[in-house]
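Q: Here's a structure for you.
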Amino acid sequence: MAIEKTYAEINEKIKSGKAVVLTAEEVIGLVEEKGLTEAARQVDVVTTGTFAPMCSSGVFLNFGHSKPKMKMQKVWLNGVPAYSGIAAVDAYLGATELPEGDPCNNNYPGEFRYGGGHVIQDLLMGKKVKLEATAYGTDCYPRRELETYITLDDMNEATLFNPRNSYQNYNCGVNLSNRVIYTYMGVLKPNLGNAHYCSAGQLSPLLNDPYFLTIGMGTKIFLGGGIGYVAWNGTQHFPEIQKDAAGHSYGPAGGTLSVVGDLKQMNANWLLGTSFLGYGVTLSVSIGIPIPVLNEEVMRCVSVSDRDLYAPIVDYGEAYGQRLPSDLGFASYAELKSGTITVNGQKIPAAPLSSYPKAREIAATLKEWICKGDFLLTEPVKLLPSYRDGIQSKKLEIRGL
Amino acid sequence: MAPNKIILRFGENTSDQPIIYRLVKDYDLVINILKANVNPNKEGTMVLELTGEKYEEGLGYLRDQGIRVQPLAEEVFRNEERCISCGACTGICPTHALSLERPSMEVKFDSDNCIVCQLCVKVCPLKAMEVRF
Ligand code: SF4
Ligand code: SF4
């Protein structure tokens, strides 16, 4: 008989301490040993994890009103501008924002030592952050200038809201050019000197739900060491199935998530300001998503291993930046993790940018929360678009009226 | 006489003179090669202990060959609290002093193999690699 479980049934088991929870790594062996049906019968929840730089991240802040009040028109936190084209003392601080006057790449490659992501980490560490604001002054908001120091506790709200996180899969970056390049995929040496990839592979949340059968709007997740929720699909959500020129399928490609959560209950060990030489600043974000084993199809999805998952190999020396097609094939995560891949017949060293040990720790922590009965699963209010929706990426054309 | 620890850095175009031979023969220096990472037509490094009367002259000769000479007073270490084992440094470290352990995928730092090139200090996205003087 086919196995079917509901969210309510699984939550009852979690509450009574009877739920069987495995990480996406542990479940691979169980399925190999017992088969899909038996594994789906035994296991209720599979936990996933990822900890990597995720640039489309940031935090909505509300500072509270000064006396006299002020309609903050321009805002800086430790010298880093935050967007304040919203209500009076609200602002959005983006992870990749740089301080005013940062030398950027003027002294190439720039160091990018501090930015929005680092301010977020400083706030989480309880540090006092310098808040500066200017405004034009109105009858209701007379103040035109302020400078003060503020902590996370002093604010009314600090809501982490990341428009594009948790990429389903990501490129493996290489460099075909003859000079060293500095990218968001790290330092890539000339003439295929090295390769960088950035995914937890078999532990990665969206690689374990390739068809978006369970993860949707409202899914409760591990976010930044605390609790968060899936708010929507992420920007650039292209959940297609990647194929090579001959039409062979290489598994899921580019789904993304938009996630939200209260920054005040997150933890500075799990949201880290990050600097990429010659590229810029960002935030390393930790995300763990529980997947309810509703049926055998879900179990089949979560049992994938690094051998079954592939990253497209992309040339960042020219093809990526110039938006040219790149046909360097695919590398499986098993090959990538072995430390050597073959590109154009050449063996090259491969290194990760995404911490697999931390991904494992996130999946294990989430498992522990669920086993203790502290963390119940939420049924999505709305599922996200999948490959069936045939979403195509749109390109920006440069043209006149 | 105490030996001097120094690092030699070779550019891609450093002449292919037999420098060690010359240091011994022409400058009468006692040489202990601690680490070497030299490949033809590539940038390379060598860590040496040098002892002898004509030490300064020997260094002058090395500089004339286009080799950068640096005293080994600095040390690179890893701030364990900051490192998240992302791996970004492992493809950049020329001596594999920073390397991935498999299958755990933890990044290990073996300071014995470090030649203090400081590439990791620039590259580490979490600023976990630090220089100590
Ligand atoms: S790049 Fe930095 S954080 Fe990443 S493994 Fe190396 S030392 Fe650790
Ligand atoms: S300084 Fe860093 S990159 Fe250079 S050898 Fe030492 S560990 Fe490797």
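Q: Restricting attention to strands (runs of 3 or more DSSP E) lying wholly within the stretch A:178-227, give those where 2 or more residues are within 14 Å of chain B (Cβ to nearest Cβ).
A: Answer list for the stretch A:178-227: A:181-183, A:186-188, A:195-197.
Table: residues versus (1) under 17 Å from A:ARG113 (Cα atoms); (2) open to solvent by 30 Å² or more (accessible area, probe 1.4 Å); (3) more than 14 Å from ligand 2 (Cβ to nearest atom); (4) modelled with pLDDT of 95 or more.
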position: B:LEU62; (1), (2), (3), (4): no, no, yes, no
position: B:GLN70; (1), (2), (3), (4): no, yes, no, no
position: B:GLU74; (1), (2), (3), (4): no, yes, no, no
position: B:CYS83; (1), (2), (3), (4): yes, yes, no, yes
position: B:ALA88; (1), (2), (3), (4): yes, no, no, yes
position: B:ASN113; (1), (2), (3), (4): no, yes, no, no
position: B:VAL116; (1), (2), (3), (4): no, no, no, no
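Q: Can I ask one more? Suppose the filter is in contact with a Gly (Cβ under 9 Å, 6 or more places away or on another chain), more than 10 Å from chain B (Cβ to nearest Cβ) and not β-branched (Val, Ile, Thr); does A:LEU353 pass it?
A: Criteria not met by A:LEU353.
Q: Go through the stretch B:27-133 and tell me which strands (runs of 3 or more DSSP E), entirely inside it, have 1 or more residues that are within 16 Å of ligand 1 (Cβ to nearest atom).
A: So the answer is B:75-78, B:98-101, B:106-109, B:129-132.
Q: Just a yes or no: is a residue in the stretch A:284-293 surrounded by fewer than 21 Cβ atoms within 10 Å (Cβ to Cβ), in a loop (DSSP other than H, G, I, E, B) and touching a strand residue (DSSP E or B) at 6+ places or on another chain (Cβ under 7 Å)?
A: no
Q: What's the number of the only condition in (1) buried (at least 16 other Cβ atoms within 10 Å of the Cβ); (2) facing another protein chain (nearest Cβ under 7 Å) that B:SER104 fails to meet?
A: All conditions pass for B:SER104, except number (1).
Q: Go through B:ILE7, B:ILE33, B:ILE67 for me and flag whichever is touching a residue at least 60 places away in the same chain (Cβ under 8 Å), more than 30 Å from A:SER354 (Cβ to Cβ) and of a type in the set (A, V, I, L, M).
A: B:ILE7
Q: Sticking with this structure for a sec: Take the conditions touching a residue at least 60 places away in the same chain (Cβ under 8 Å) and more than 27 Å from the chain's Cα centre (by Cα) and apply them to A:PRO68. Does it pass?
A: Answer is yes for this residue.
Q: From the list B:GLY44, B:GLY66, pick out the single residue that is away from ligand 2 (no atom under 16 Å from the Cβ), away from chain A (no Cβ under 14 Å) and open to solvent by less than 70 Å² (accessible area, probe 1.4 Å).
A: Step by step, each of B:GLY44, B:GLY66 is checked, and only B:GLY66 is away from ligand 2 (no atom under 16 Å from the Cβ), away from chain A (no Cβ under 14 Å) and open to solvent by less than 70 Å² (accessible area, probe 1.4 Å).
Q: What residue, of B:PRO103, B:PRO125, is more than 11 Å from ligand 2 (Cβ to nearest atom) and free of Cβ contacts under 8 Å to residues at least 12 places away in the same chain?
A: The match here is B:PRO103.
The values are calculated or read from the model by the stated rules, or taken from the named source; none is laboratory data. As the structure is a prediction and not an experimental result, all values here were calculated from the model. Neighbour counts are summed over all protein chains in view; Cβ atoms, including those assigned to glycine, are modelled from backbone coordinates with ideal geometry. Surface areas here come from the heavy atoms of the whole protein model, side chains and all, with no ligands, DNA or RNA. Shrake-Rupley method; radii C 1.70, N 1.55, O 1.52, S 1.80 Å.
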